[in-house]
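See structure below.
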Amino acid sequence: MLVDSHAHTSDAKFDTDREEVLKRAFDAGLKYIIEVGCEPPLWDNVAELSKRDGIFSMFGLHPQDAEKFNEELFDKLKNLLKDKKCVAVGEIGLDYHYEPFLKEKQKEVFVKQMNLALEINKPVCIHCRDAYDDMVKIFKTFDVLPKGVIHCFSGSWEQAKVVLDMGFLIGIDGPCTYPKSNKLAKVIENTPLDKLLVETDCPYLAPQKYRGTRNEPAYVVEIAEKTAEIKKVSFEQVCEQTTENAVKLYGLKK
Ligand code: NI
């Protein structure tokens, strides 16, 4: 039993064989897949896909699309978030990796969506790339923070500790299986198992065994195996606890 707590199988890279990919995932023992709709052109596809058993959705505006934000889009987002299969606002956050980025616009749109999550009482799934300090600064402006996960965590253990203390979970992805993953291994080693989620972020970030190819939800098994190895616990224990964590954070039920 496992959950891929962050997948993008609505991506065009799955257009030719989406059915096989989803079948492989459930055959591999996945109980749930959380499908992330963070690009407005794909929102409706994500909503459609999440009508199926075992698939849930989240919706948000990705920081790289922050400049597209307008009231009409925000209203559409609010509507999608009412869907009964929608479990979170995400992925939202900050991304200062690829130039050009509009820092102030990203911050504004991030805060708006954090407030929306609080308003509708849903957790958040946060994307943060090369923007850790600004993310924490924003968190500190909130009296009450929504529950949530820092997805695809790529920071140090010291940085993980700060967000764990603020109540967030840590999302672990394929890079934990790469040879140069010492920093992430330390994060996994030190983070309590009941604060970890496993996720593929497919089609990106394929685990080492499949590196360079398209990632897919079934490969979350690789991430759970590596997590078990690092934490010196059984694979079953990782599967059971991370599933429970996802169920609890996102309120997953059929
Ligand atoms: Ni993602």
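Details
- When the criteria are applied in full, Tyr210 meets the requirement of being at pLDDT 95 or above, open to solvent by 50 Å² or more (accessible area, probe 1.4 Å) and not acidic (Asp, Glu).
- Checking each residue in the stretch 182-194 for being closer than 22 Å to Ile33 by Cα and open to solvent by 70 Å² or more (accessible area, probe 1.4 Å) picks out only Asp194.
- All told, Lys248 meets the bar of being more than 16 Å from the ligand (Cβ to nearest atom), within 18 Å of Ile34 (Cα to Cα), of a type in the set (D, E, K, R) and not in a loop (DSSP other than H, G, I, E, B).
Residue-by-condition table, conditions (1) more than 15 Å from the ligand (Cβ to nearest atom); (2) closer than 20 Å to Ala117 by Cβ; (3) open to solvent by 20 Å² or more (accessible area, probe 1.4 Å); (4) not β-branched (Val, Ile, Thr):
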| site | (1), (2), (3), (4) |
| --- | --- |
| Lys13 | no, no, yes, yes |
| Thr16 | yes, no, yes, no |
| Phe26 | yes, no, yes, yes |
| Gly54 | yes, no, no, yes |
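- Residues being among the β-branched types (Val, Ile, Thr) and within 19 Å of the chain's Cα centre (by Cα) are represented in the stretch 124-131 by at least one member.
- Test result for Glu72, within 16 Å of Asp44 (Cβ to Cβ) and acidic (Asp, Glu): yes
- Residues satisfying the stated conditions in the stretch 213-234, i.e. among the small types (Gly, Ala, Ser) and open to solvent by less than 10 Å² (accessible area, probe 1.4 Å): Ala224, Ala228
- Unique match (being within 16 Å of the ligand (Cβ to nearest atom), modelled with pLDDT of 95 or more and open to solvent by 10 Å² or more (accessible area, probe 1.4 Å)) among Leu169, Leu164, Leu197: Leu169
- Every pair of residues 6+ apart whose Cβ atoms lie under 9 Å, when the first sits in the stretch 127-150 and is within 16 Å of the ligand (Cβ to nearest atom) while the second is of a type in the set (S, T, N, Q) and open to solvent by 40 Å² or more (accessible area, probe 1.4 Å): His127/Gln64; Cys128/Ser154; Arg129/Ser154; Asp130/Ser154
- Subset of the stretch 83-132 (residues that are open to solvent by 60 Å² or more (accessible area, probe 1.4 Å) and of a type in the set (Val, Ile, Thr)): Ile120
- Meets criteria (of a type in the set (A, V, I, L, M), without any contact (Cβ under 8 Å) to a residue 12 or more places away in the chain, assigned to a helix (DSSP H, G or I) and out of contact with any His (no Cβ under 8 Å at 6 or more places or on another chain)) for Ala224: no
The values are calculated or read from the model by the stated rules, or taken from the named source; none is laboratory data. Since the structure is predicted, the reported quantities are computational estimates derived from the model, not experimental observations. Glycine also receives a Cβ, built like all others from the backbone with ideal geometry; neighbour counts cover every protein chain displayed. When the accessible area is computed, the model is the full protein with side chains, heavy atoms only, and any ligands, DNA or RNA have been set aside. Shrake-Rupley method; radii C 1.70, N 1.55, O 1.52, S 1.80 Å.
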